[in-house]
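Some notes on the structure that comes next.
The values are calculated or read from the model by the stated rules, or taken from the named source; none is laboratory data. These numbers come from a predicted model, not from an experiment. Cβ sites come from the backbone with ideal geometry, for glycine too, and all protein chains shown count toward neighbours. For the accessible areas, the whole protein counts, side chains as well, though only heavy atoms, and no ligand, DNA or RNA atoms are used. Shrake-Rupley method; radii C 1.70, N 1.55, O 1.52, S 1.80 Å.
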Amino acid sequence: MARIYGSERRVLVTGGAGFLGSHLIDRLLDKGCEVVCVDNLFTGAKRNLYHLSGHPRFEFIRHDVTFPLYLEVDEIYNLACPASPIHYQHDPVATTKTSVHGAINMLGLAKRLRCKILQASTSEVYGDPAVHPQTEDYWGNVNPIGPRSCYDEGKRCAETLFFDYHRQHGLEIKVARIFNTYGPRMHPADGRVVSNFIMQALRGEPITIYGEGQQTRSFCYVDDLVDGLMRLMDTGPEITGPINIGNPGEFTMRQLADQVLALTGSMSPIEHRPLPPDDPRQRQPDITLATRVLGWTPKVSLAEGLKSTIDYFAGAYAS
Ligand code: NAD
Ligand code: UDP
Ligand code: UDP
């Protein structure tokens, strides 16, 4: 039903109790938007939203996006999906359902409301990439039947659905391919490399490097990432993406471990563990398109971002 009162933009953020979603919500509220957060708290936490309790423009709905959702909003950011390998492999069928059924429901909602919808896609659509750095026109190198496939193929199918709703129903879509992002409010036990290394360093436990540690990733600080997503949402209808959002600074896992050790002053030893199957060997975004279309480049260096993240983990979790 059309609203009678209230002129603020009302924005739906699915997955808003998670790491990226909670930062996005903070920024949208700062801009004066009304925000509705929909989350089933599978990997997210109310703790990430405590500071918003009682906020007059914020609302939380506990809901699983694999089921239909009827509400009235002006824009949708679709972030609901577990993102860390141990979380998305915990119940792989649910992961695919979240990406695929969740996308169908959120696209159906956007179609009824005739509103813009942004998809949090991922660099995982490139799989173990044979093209380096990755440009948006690269179709990827993805195993369809491995342990990472529920996430990679689910996200690829979601992109397909976004583009089919765009072509078939004229929906205004925005597809962001997010590269590894880190920062405060990552779950300390979600197994991702930045949170693992920081928690291990702070506790004086061994730093677990999988394989030889020569595989690379490019790490984007959360504030930069959120800025990129919001700029993408604010583009005109001719901009659909897919568009890479990430920091091109590329590091081996060994280099990351060394930086974390230096910044924490920890004496933790390095311990090598087996490399998980299908672990991509290299990853680096080509952000030429984001720079041209969004006027966006990341501002926070790995050293600066790690410092803030270490401070957060030290305050929130270290014993
Ligand atoms: P996260 O796990 O912290 O957040 C995901 C949120 O989605 C959680 O709050 C979780 O409870 C919620 N959720 C999961 N399944 C749901 C369902 N069926 N219904 C409703 N809510 C559900 O992860 P994140 O790092 O904040 O990632 C957010 C989004 O960004 C994800 O879609 C992820 O695939 C994408 N992404 C993240 C990264 C990264 O490096 N952080 C990289 C690429 C893509
Ligand atoms: N949907 C929803 N909220 C809405 C409208 C639709 O959750 O406000 C869901 C509903 O479950 C539907 C799906 O989105 O099945 C896809 O909607 P669409 O209109 O594309 O397809 P249809 O209704 O024809 O299946
Ligand atoms: N990794 C590692 N030690 C850890 C956790 C991860 O060496 O304790 C490696 C992992 O094998 C991968 C990289 O770090 O090569 C990034 O892993 P993450 O799970 O953070 O993200 P993704 O693989 O999805 O990019």
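Take residue 298 and tell me if it is in contact (Cβ under 8 Å) with a residue 40 or more places away in the chain and within 21 Å of residue 159 (Cβ to Cβ).
Judged against the criteria, residue 298 is not a match.
Of all residues in region 16-36, how many are touching a Gly at 6+ places or on another chain (Cβ under 8 Å), open to solvent by 10 Å² or more (accessible area, probe 1.4 Å) and closer than 21 Å to residue 184 by Cβ? Selection size over region 16-36: 3. Residues that are part of a helix (DSSP H, G or I) and out of contact with any Leu (no Cβ under 8 Å at 6 or more places or on another chain) were ranked within region 257-269; the one that is least open to solvent (accessible area, probe 1.4 Å) is 257. Pairs meeting the criteria (first residue in region 174-188 and under 24 Å from residue 199 (Cα atoms), second residue in a loop (DSSP other than H, G, I, E, B) and among the β-branched types (Val, Ile, Thr), beta carbons under 7 Å, at least 6 apart or on different chains) are 187/43.
Within region 49-83, which residues are more than 17 Å from residue 158 (Cβ to Cβ) and either within 16 Å of ligand 3 (Cβ to nearest atom) or small (Gly, Ala, Ser) (or both)? Within region 49-83, 53, 54 meet the criteria.
In the set (1) buried (at least 18 other Cβ atoms within 10 Å of the Cβ); (2) within 16 Å of ligand 3 (Cβ to nearest atom); (3) more than 23 Å from residue 175 (Cα to Cα), the condition left unmet by residue 86 is number (1).
Looking across region 209-228 at every residue that is open to solvent by less than 10 Å² (accessible area, probe 1.4 Å) and in a strand (DSSP E or B), the one that is farthest from residue 16 (Cα to Cα) is identified as 209. Each residue in region 152-197 was checked for being part of a helix (DSSP H, G or I), within 12 Å of ligand 3 (Cβ to nearest atom), touching a helix residue (DSSP H, G or I) at 6+ places or on another chain (Cβ under 9 Å) and open to solvent by 20 Å² or more (accessible area, probe 1.4 Å), and 1 of them qualify. Among the residues making up region 199-210, those that are within 12 Å of residue 267 (Cα to Cα) and either within 16 Å of ligand 2 (Cβ to nearest atom) or not charged (D, E, K, R) (or both) are 200, 201, 202, 204, 206, 207. Selection within region 94-140: residues that are touching a residue at least 40 places away in the same chain (Cβ under 8 Å), assigned to a loop (DSSP other than H, G, I, E, B) and away from ligand 2 (no atom under 16 Å from the Cβ). The member of this set that is least open to solvent (accessible area, probe 1.4 Å) is 129.
Scanning region 44-75 for residues that are in contact (Cβ under 8 Å) with a residue 40 or more places away in the chain, within 13 Å of ligand 1 (Cβ to nearest atom) and in contact with a Cys (Cβ under 9 Å, 6 or more places away or on another chain) yields a total of 2. Scanning region 237-244 for any residue that is open to solvent by 10 Å² or more (accessible area, probe 1.4 Å) and under 27 Å from residue 301 (Cβ atoms) turns up at least one such residue. Look through region 277-304, keep the residues that are at pLDDT below 95 and loosely packed, with under 15 Cβ neighbours inside 10 Å, and return whichever of them is nearest to residue 256 (Cα to Cα). Selected residue: 281.
Using beta carbons and a limit of 6 Å, which pairs, at least six apart or on different chains, have the first residue in region 11-29 and touching a residue at least 60 places away in the same chain (Cβ under 8 Å) and the second one of a type in the set (Phe, Trp, Tyr) and surrounded by 24 or more Cβ atoms within 10 Å (Cβ to Cβ)? Hits for this filter: 13/77.
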